[in-house]
């Protein structure tokens with residue numbers, strides 16, 4: 001009784017030791033020390049922030065041309081410099097990031113919602129509907145996605161909405177397949 005406790009066991013409870021189940025979440029402690037993850041997180045956050053800001057505001061007009069400012073190098077006025085028409089490259093990058101983030105978000109929303117709905121319904125009900133939907137997804141997956149997207153755009157016509165619709169159609173089968181497999185396992 002007079003001995004000093006060495007931090008081992010006291011009445012069957014670990015004393016002054018780490019709890020074993022806390023080691024099952026090692027990524028929470030390793031994030032600050034993983035330099036590659038932090039670098040990627042910072043770059044992705046910066047790109048998303050610039051894209052969201054560029055969707056609403058840019059420092060210069062993206063279409064205004066200036067013959068006197070052709071091929072200017074990067075400076076305090078033009079962070080990325082100017083192009084062969086004198087347009088600010090940084091403003092154009094910001095606008096492009098905003099457009100890309102908007103289109104990709106809508107494509108994921110469309111293809112995800114339709115794919116999850118179709119996959120869950122076919123996995124739950126099965127039968128002939130399951131066979132039809134799965135064969136259609138196999139047929140769509142049989143073509144290269146960029147080729148199928150271009151074919152759908154040529155049928156629908158040009159425009160941002162048609163690009164979003166065609167990309168949404170092309171990426172639906174991957175969601176259908178994943179949700180179908182998950183729902184079949186649950187049923």
Any chance you could run the full-extension gain for residue 65 through residue 184? It's 0.36 nm times the residue separation minus the Cα-Cα distance, nm to one decimal. 37.1 nm
Descending packing, highest mean Cβ count within 10 Å first, for 116-125, 172-181 is 172-181, 116-125
State, to one decimal in nm, how far the label point of residue 160 lies from the label point of residue 77, with both points 7 Å from Cα in the Cβ direction. 3.0 nm
Highest-first arrangement of 83-91, 67-75, 49-57, 137-145, where packing means the average Cβ count within 10 Å: 83-91, 49-57, 137-145, 67-75
The range 113-187 to the range 31-60: how many Å between their Cα centroids? 31 Å
Chain lengthening between residue 39 and residue 109 when straightened (0.36 nm per residue, less Cα-Cα): 22.4 nm
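The numbers here are math on the coordinates, done by the rules we state, and not lab data. Everything quoted here is computed from the prediction, not taken from an experiment. Cβ coordinates were reconstructed from backbone atoms using ideal geometry, including for glycine residues, and neighbour counts include every protein chain displayed.
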